[in-house]
Amino acid sequence: VPAGAEFVLLFVYIMIVYAIIRGFGSAAQAGFGVGARVMQALFLPVVALAFAVAPVVGQNFGGRRADRVRPSVYSGIGIASAMMLILASIVWLAPAALIRFFSRDARVIAFGSDYLKIVSLNFVAAGIVFTTSSVFQGIGNTWPPLFSSMTRLVLFALPAILVARTSGFEIRHVWYLSVASQALQMCINLLLLRRELRKKLTFEETQDFIPGSATA
């Protein structure tokens, strides 16, 4: 249920963004659409890493190897952060070139590159969110990531809708709110994961049963 609900939340997020930016015209919507597709393509390696983290953590957690669970979590977060930092640097330096692969319209490129450049600020946070969510899956509790996703959606949607009604509203304000809400989701995930690991990685020592030897 939580995994399916997260897809619903993502759909709601995209619909809210489109509803807010439609006043800027078709070029803005196309720029966001192309930028989102580029970002999804760039995220594929980190998503693959996150998928790999879940079974590794799950295997060690199921084997009651707390000494291996934490290093697996830290390694996953570290690798994801490094990968995302590299991708963010590429996007920050050449956002227009990435959009130009899919559109030659000057306005679409302008809107799309502005979107990519701003949201690249949350790439590292997004990588950490992907990885920590997979860790929760590995230890058998997918409710905390759903909670953080819902919190992010609410804290993004309400301010975005309110800001969109003010004078001087610019489309980039939506992207900055998205970055801020993603950073907040990362913090929530990390705090909830820390709590979950403290609670679940306290395995009781099992006593080995040694049967008594038969006497002659």
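The values are calculated or read from the model by the stated rules, or taken from the named source; none is laboratory data. These numbers were taken from a predicted model, which means no experiment stands behind them. Positions of Cβ are backbone-derived with ideal geometry, glycine not excepted, and every protein chain shown enters the neighbour counts.
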Residue hits (segment 56-75; part of a helix (DSSP H, G or I) and either farther than 19 Å from Asn189 by Cβ or in contact with a Ser or Thr (Cβ under 6 Å, 6 or more places away or on another chain) (or both)) are Val56, Val57, Gln59, Asn60, Gly62, Ala66, Asp67, Arg68
Within segment 57-78, count every residue that is over 17 Å from Ala125 (Cβ atoms) and buried (at least 19 other Cβ atoms within 10 Å of the Cβ).
5
Output the residue which, of all residues in segment 79-105 that are surrounded by 14 or more Cβ atoms within 10 Å (Cβ to Cβ) and among the aromatic types (Phe, Trp, Tyr), is farthest from Leu121 (Cα to Cα).
Phe102
Is it true that Ala80 is within 29 Å of Phe169 (Cβ to Cβ) and either of a type in the set (Ser, Thr, Tyr) or at pLDDT 95 or above (or both)?
no
Residue satisfying all of: in segment 191-200; among the aliphatic types (A, V, I, L, M) and crowded, with 16+ Cβ neighbours inside 10 Å; nearest to Phe136 (Cα to Cα) among these
Leu193
If we ask which residues in segment 93-132 are in a helix (DSSP H, G or I), out of contact with any Phe, Trp or Tyr (no Cβ under 9 Å at 6 or more places or on another chain) and either aromatic (Phe, Trp, Tyr) or within 16 Å of Leu44 (Cβ to Cβ) (or both), their number turns out to be 3
Selection from segment 133-143 of residues in contact with a helix residue (DSSP H, G or I) (Cβ under 7 Å, 6 or more places away or on another chain) and either surrounded by 19 or more Cβ atoms within 10 Å (Cβ to Cβ) or not in a helix (DSSP H, G or I) (or both) yields Ser133, Ser134, Val135, Phe136, Gln137, Gly138, Ile139, Asn141, Thr142
Note: among Ser149, Ser133, Ser178, just one is in contact with a Pro (Cβ under 7 Å, 6 or more places away or on another chain), touching a residue at least 24 places away in the same chain (Cβ under 8 Å) and within 30 Å of Ile90 (Cα to Cα), namely Ser133
